[in-house]
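Everything on this sheet refers to the single structure shown next.
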Amino acid sequence: MNSLRRMLDVLDLFKPGTPAVDIEAICAQLGYAPASAYRYVRELCDVGLLVRLPGGYALGPRIIALDLQMREEDPLLNSSRAAMQQLAEETGLSVLLSELYGDTVINVHQEQGRDSEPLRFGRGRPMALFRSATARVILAHLPSRHLRRVYDDNAEHPDVLRLGEHWKAFAKAMLDTRKRGYSVSEGIWTTARQALRRRFSTANG
């Protein structure tokens, strides 16, 4: 792994619940020597990707500027925004624009529907690769060779096994989704509401 990749991997340590990291955490989680960790954070601070705090380092203002640039100039978002607004207006439902990044699906934009509850999956929110309907639709449209590589890397994952116990079954599930043109998933709150309705109906005979 080259030095640039090792330096940028420091940014992956910032996750929900982890707004700041220190040198000790960088060394422990990435296996870097302290001298290397200090050098990487110094360079990241110099270009504004990190800022130094009394107890460690946090994401810097350069990331905010880049996010603004993407919100205003991202070709994918600009070519999709009007269609998303129209779809949200016609259906009353919220519409998400999502993109595959490595083994994660990232939400790029959300158009709030007039008849739907606010979604937790706003811009920048990662989604499980095999669990959400959004991710499954994206997987279903990957080239076969790419899809096989994703499957081989995650063949023992429980969510993959639910979609197919072997490659042929998994590939067929993805092909069915592609032909159908959509995928449906139920979240924990939907499942909970259905269980409460069944319990209420049973109790009231």
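The residues neighbouring R62, those whose beta-carbon lies less than 13 Å from its own, together hold a net charge of -3 under the Lys/Arg +1, Asp/Glu -1 convention. Between R71, R123, R145, the Gaussian network model of the chain with springs among Cα atoms under 10 angstrom shows the greatest mean-square fluctuation at R145. Close amide H contacts of S98 (hydrogens built in the peptide plane, cut-off under 5 Å, sequence separation of 5 or more or a different chain): V108. With θ taken as phi - 60° and the Karplus curve 6.51 cos²θ - 1.76 cosθ + 1.60 applied, the whole-hertz 3J(HN,Hα) list for the stretch 11-22 is 5, 5, 6, 7, 9, x, x, 10, x, 8, 9, 10 Hz, x standing for glycine and proline. How high is the relative contact order of the stretch 29-174? Use alpha-carbon pairs under 8 Å, at least six apart in sequence, and give a whole percent. With pairs under 8 Å counted, the relative contact order is 11 percent. Can you pull the percent of the chain's accessible area that's carbon plus sulfur, 1.4 Å probe, other chains left in place? Carbon-and-sulfur percentage of accessible area, whole number: 55. Could you bin all the Cα-Cα distances of the chain into 5 Å bins starting at 0 and give me the percent of pairs in each, rounded to whole numbers? Histogram of Cα-Cα distances, whole percents per bin: 1, 6, 10, 13, 13, 14, 14, 12, 8, 5, 2, 1, 0, 0, 0. Counting heavy atoms of the protein chains alone, V184 has an accessible area of about 110 Å² for a 1.4 Å probe.
Computed over neighbours whose Cβ is under 14 Å from that of A25, the net charge equals -3, Lys and Arg +1, Asp and Glu -1. Within a straight-line Cα-Cα reach of under 19 Å, K172 can be paired with the following aspartates and glutamates, leaving aside sequence neighbours fewer than 8 residues apart in one chain: D152, D153, E156, D159.
All other residues whose Cβ lies under 15 angstrom from that of R180 are scored, Lys and Arg at +1 and Asp and Glu at -1, for a net of +3.
The values are calculated or read from the model by the stated rules, or taken from the named source; none is laboratory data. Please read all numbers here as calculations on a predicted model, not as lab measurements. Ideal geometry is used to build each Cβ from the backbone, glycine not excepted, and the neighbour counts take in all protein chains shown. Just the protein is used for accessible areas: all its heavy atoms, side chains included, with ligands, DNA and RNA removed. Shrake-Rupley method; radii C 1.70, N 1.55, O 1.52, S 1.80 Å.
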